Every structure is written in structure tokens, then in C-alpha cells.
Amino acid sequence: MDAQVGIIGAGPAGIAAGVQLKRFHMPSIIFEKREVGGLIANAYRVDNTLLFPEGISGKEFARRLKNYAERYGLEIHTEEAVRIEVGDEIRVKTDKAAYSFKYLIVATGTRPKTLSFPEFKYHITDIEEKYEKILIVGGGDIALDYALSAAEKCSNVIVLYRSTLKALPTLQKEVKENPRINLVRGEILDIFGKKVKTTAGMLTADVFLGAVGRVPNIEIVEGIIHPNIYLAGDVKNGIYRQSSLAIADGIHVAMKIWRRERYGNP
Ligand SMILES: Cc1cc2nc3c(=O)[nH]c(=O)nc-3n(C[C@H](O)[C@H](O)[C@H](O)COP(=O)(O)OP(=O)(O)OC[C@H]3O[C@@H](n4cnc5c(N)ncnc54)[C@H](O)[C@@H]3O)c2cc1C
């Protein structure tokens, strides 16, 4: 075996699990295909964790997760897990190699639902360039959170939402008070370069960001039932996607694995 435990995903859930396992002296290998820290790096400001009563930016949150992983000497491989096979051991095939584990934690989070226009990006961390005008599509927490981040960089932020705003009331209030952000009810019909035809009329934008929902990255374990495979974080939490819940999940599954190893019970 390459380690007792394999962990797919180095977001809050995967890192929390890796650290808790390390405290039990159970070695793990974590696979991360993008950035250590996970999705939270996209957050404008994380206000709903007791650990940061003053609030903390998503980037800083992710940076601290990375430092935390380093402090505990977690072994993180920049590899994408592409296939899982189960037998006497659990085998994880990545884009670079194959590994065997006794236990596996799947902490793969979610991915964005996409729109039918190739112009769209879906993570604000993917937009580095400077821009004047941004169009964000969506009316939920992520869309309005992106709007607040975007308003720090550019003077004209349009949020196009279909029917009603579903975001947290506190986010809605902050967005409505921000003079750089315009909320427009409507749907995109077509895009021609920087011009956007919508049901609310013609708009223009330099950058397009979609925030129309997310789906769990669950495919890698679909159809596999094994007592030593555990899910943690957003991948299993449905609409209850919050970093504190993901961290708690990571710690929870690590404790379950330790008990299973020590006492042999599920
Ligand atoms: C704009 C925005 C604002 C947010 N604001 C808040 C907030 O204020 N408060 C709050 O608590 N939460 C907030 N969240 C939610 C929070 O980011 C998530 O709940 C949290 O990141 C979930 O952690 P996770 O570890 O389960 O998944 P993720 O953070 O999604 O981590 C999963 C990791 O797995 C990796 N991965 C996936 N598949 C593979 C694979 N096959 N191989 C290798 N690696 C893989 C991904 O690259 C990713 O890094 C926000 C999210 C967004 C997008």
C-alpha cells in the first residue's frame, strides 16, 4: 500500500481529514487537481465561521488551509484521480500513476452547472485580467458573492437573474447598496462579441461569469459500494454547502476511519 488512507480533494474537507488522520498517526496521500484550498478561494468574504469573527477573504482562507496542510506535513500530490477500483485494496488511478490504499476519502466537492455559451467562465479565481464591465448570470449566493468581488475590480457589474433573487438576505442588502452593481431580471438569448441580447434588452460586457448552480463531483465513485470508502464535504451535502460543514465532515470521517482501524467496527 502507498498509504493507509487516500484522500481525493484538498479543499476544507480533504485537508481537515488529512490533519485529523495525521493526529492519529495515520498517514494519507491527498490528490488535488487544481489548487490546495479548494472552492473557498472564490469567496468574497467568509463571515459564517466562528474562527474568523471579523470575517476573512476566501483567498486568505485558502492560503491558511494551505499553510495548515504544510504545518502538518500532509503529502499532497498535484494529480487528478480518474478512476477507482476496489478489491482487497482500494486502487486510485490518477492522470500520472496508480496507488493502493486501505481506506479512501472522497472530498471532491462540486463543479459548476454550465450555460450554453462558451464565453462564460465559472470561477472568479479564473479571471485575472483587468476589465471594465462584467456580466454575472445567476441569482443565488455565489452570483451575488461574485458581484461583490467583481465590484472591487471594475466599475460596472451587472447581475442578470432569471426569476427571483435566492441569495442570503445579508448578501442581497450588501449588493443592493453597492453603486457599482446593477441587478437586472432577464435571460440571455445570444452573445455577439461583447454585446449580449437578453430578454431585458441589449447589454454589453467584457467578461462573462456564470453562477447558475453546482453539481457534486460524485461520478468517480458512482456504482462503487465499499465499507472503507467515505464521502466528506460538499460532494455529499446537497444544497448545504458551507466550509464549516465540510471541515466537520472531514474530521468526522477521519475519526470514523480511526475507530474502524482500532476497534474494527463501522
Ligand atoms: C463564491 C463562493 C462563496 C462562498 N462563500 C462561503 C462562505 O462565505 N462561507 C462558507 O462556509 N462557505 C462558502 N462557500 C462554500 C465553500 O467554498 C464550500 O462549502 C467548501 O469549499 C467545500 O469544501 P470541500 O472540501 O467539500 O470541497 P471543495 O472546496 O470544492 O474542494 C474539493 C477539491 O477537490 C478537488 N477535486 C475534485 N475532483 C478531483 C479529482 N478527481 N482529483 C483530484 N482533485 C479533485 C477540487 O479541485 C477541489 O480543490 C462559498 C463558495 C463559493 C463558490
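Rounded to the nearest Å, what's the spacing between the alpha carbon centres of segment 26-43 and segment 190-239? Just the number, please. Spelled out, the Cα-based centre of one part sits 18 Å from the other. By the gyration tensor of its Cα atoms, with a ≥ b ≥ c the square roots of the eigenvalues, what is the shape of segment 2-151: rounded for a/c under 1.5, prolate for a/b over b/c, or oblate? In terms of gyration-tensor shape, oblate. Taking a ≥ b ≥ c as the square roots of the eigenvalues of the Cα gyration tensor, segment 54-139 is classed as oblate, since a/c reaches at least 1.5 and a/b does not exceed b/c.
The figure for ASP95 is an accessible area of roughly 90 square angstrom, using a 1.4 Å probe on the protein chains alone. Taking θ as phi - 60° and the Karplus parameters 6.51, -1.76 and 1.60, the scalar couplings of segment 124-132 work out to 5, 5, 7, 9, 9, 5, 7, 8, 8 Hz in sequence order, x denoting glycine and proline. The amide H of SER57, built 1.01 Å from its N in the peptide plane, has VAL46 as neighbours under 5 Å, considering only residues 5 or more places off or on other chains. Could you tell me which of VAL5, GLY213, ASN67 has its Cα farthest along the dipole of the chain towards the positive end, charges placed at Cβ (Lys, Arg +1; Asp, Glu -1), taken about the Cα centre? Comparing the listed Cα positions along the dipole, GLY213 ranks first. At q = 0.15, 0.16, 0.18, 0.25 Å⁻¹, work out log10 I(q)/I(0) for segment 114-210 with the Debye formula, treating every Cα as an identical point scatterer and leaving solvent out; two decimals please. Debye output, listed in q order: -0.51, -0.58, -0.75, -1.51. Within the assembled protein chains, the solvent-accessible surface assigned to SER57 is about 50 Å², based on a 1.4 Å probe.
Could you give the length gained by full extension between ARG259 and ARG180, i.e. 0.36 nm per residue of separation minus their alpha carbon distance, to one decimal place?
Working: separation 79, 0.36 × 79 = 28.44 nm, distance 5.25 nm.
Length gained, ARG259 through ARG180: 23.2 nm.
Within the listed set PHE101, PHE24, PHE208, the residue fluctuating most in the Gaussian network model of the chain (springs between alpha-carbon atoms under 10 angstrom) is PHE24.
Given the pairs LYS113/LYS153; LYS66/LYS176; LYS113/LYS195; LYS194/LYS236; LYS130/LYS173; LYS133/LYS173, which are separated by over 30 angstrom at their Cα positions?
On the way: LYS113/LYS153 25 Å; LYS66/LYS176 34 Å; LYS113/LYS195 23 Å; LYS194/LYS236 38 Å; LYS130/LYS173 26 Å; LYS133/LYS173 21 Å.
Going by Cα-Cα distance, LYS66/LYS176; LYS194/LYS236 fall outside the 30 Å limit.
The angle separating the long axis of helix 141-153 from the principal Cα axis of greatest extent in the chain is about 70 degrees.
Of the residues GLY11, GLY201, GLY186, the one that moves most in a GNM of the chain with alpha-carbon contacts below 10 Å is GLY201. Accessible surface for HIS252 stands near 100 Å², nearest 10, in the context of the full protein assembly shown (1.4 Å probe).
Average 1/r across all pairs of distinct alpha carbons in the chain, invert it, and you get the Kirkwood radius: 19.7 Å. The angle between the Cα long axis of helix 243-263 and the main principal axis of the chain comes to about 10°, on a 0 to 90 degree scale.
The values are calculated or read from the model by the stated rules, or taken from the named source; none is laboratory data. Bear in mind the structure is a predicted one, so any value in this text is a computation, not a measurement. Ideal geometry is used to build each Cβ from the backbone, glycine not excepted, and the neighbour counts take in all protein chains shown. These area figures cover heavy atoms from the full protein model, side chains too; ligands, DNA and RNA do not enter into them. Shrake-Rupley method; radii C 1.70, N 1.55, O 1.52, S 1.80 Å.
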